[in-house]
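**Student:** Dropping the structure in here first, questions after.
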Amino acid sequence: MAQVRLTYPEIKRRGAEVWQITPTPAAQAALYARRFDLPFPYLCDADRATHRRYGLGSKGVLASLKAGLESLPGMLAGSVKGEQPSPVPYMSGGLGSGAMEQGMFLVGRDGRVHFRHIADIHAHIPSNDTLLGALDALSSPSSPP
Amino acid sequence: MPDVPRIPAHPIEVGAIAPDFSLPSAQGGVLTLTAALQHGPVLLWFAPGMV
């Protein structure tokens, strides 16, 4: 979130919005919203239906387990420090059970996808320059598609 | 017959119509993509959570 947060003012200046869509249950997300300054809308897709409608699927049991194990220390540390809610709700369905493909889709006012980036679990998101470039291309008169 | 959303086998491509949806926001309320697009482009970031 930190990277996108940094460039969020520039995204807003271009008349666009960012929605972070997560599998986080609504009750857990509400805790985040109360505890943290979430810069942009943080949406809850707990049943992953919207993920699936965009063609983002589960990465499989092994990849999910790996992602869960990688994120667990940080979640536990944050919980102990009181910086994050308990990770128990995540773990109740099986460690890493919710790991999905990640992606970014830039949707123009015409309702079409003008840019997309599909990432593996915990893979990097596009650079801020890439994101702003996609937005600039969208506002240009000769913008595809 | 209810309109059942099509589930694509692969992530939707550039140029495709973005599927509409409504989701609850952690900050309150429910946001709908088509309504937001009236005001400007939207960057949808499908992320694992607090990253």
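**Student:** If you take each beta carbon of peptide B:34-42 and count the beta carbons of other chains within 10 angstrom, what is the mean?
**Tutor:** Counting Cβ atoms of other protein chains within 10 Å of each residue's Cβ and averaging gives 6.
**Student:** Hey, another quick one. Which FRET efficiency value, to the nearest 0.05, do you get for residue B:38 and residue A:37 by plugging their Cβ-Cβ distance into 1/(1 + (r/R0)^6) with R0 = 35 Å?
**Tutor:** 0.85
No value in this document is a laboratory result; all are computed from the given coordinates. Please read these numbers as outputs of a predicted model, since none were measured by experiment. Heads up, the Cβs are rebuilt from the backbone with ideal geometry, glycines too, and the neighbour counts pull from every protein chain shown.
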